[in-house]
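Heads up: the structure comes next, in structure tokens.
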Amino acid sequence: MKTVSMPLQTNTLKLTLNSSPEVLERVLRVARHRGFKVELMSWHSEQSTLEITVSSERNIRLLSKQLEKLIDVTQVIDLTEVNQEKRA
């Protein structure tokens, strides 16, 4: 039997974080446990923001909702959706 796999989707999230030593480890652990591959990360220490590009067959909302539950994550913005809205 042939299985049909969904194409990989690439999404970029912008996270606003509390500055704590373990926050990056927690974010990466959640991404990995939810089946997302981290493609690119950019940390902006002045604003305490992390831009993370991930790829997966899974819906990005699954990851966004789980990241919002982390105590040190204060905001999650899907930049992929924001960019798509600007083009429309």
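List of remarks:
- When only the Cβ of Lys, Arg, Asp and Glu is charged (+1, +1, -1, -1), the dipole of the stretch 13-88 relative to its Cα centre reaches about 320 debye.
- Label point of Gln75 set 7 angstrom out along Cα-Cβ; within the stretch 34-56, amide nitrogens under 19 Å from it belong to 42-53.
- Other residues within the sphere of radius under 13 Å centred on the Cβ of Leu17, judged by their own Cβ, net out at -4 (K and R +1, D and E -1).
- Kirkwood hydrodynamic radius of the chain, from inverse mean 1/r over distinct Cα pairs, in Å: 13.6
- Cross-link reach list, aspartates and glutamates versus Lys14, counting only Cα pairs under 12 Å and skipping chain neighbours closer than eight places: Glu51, Glu68, Asp78, Glu81
Any read-out appearing in this document is the output of simple, stated calculations on the displayed coordinates, not a laboratory observation. If you're wondering where the values come from, they're calculated on a predicted model, not measured in any experiment. Positions of Cβ are generated from backbone atoms using ideal geometry, with glycine treated the same way; all protein chains shown enter the neighbour counts.
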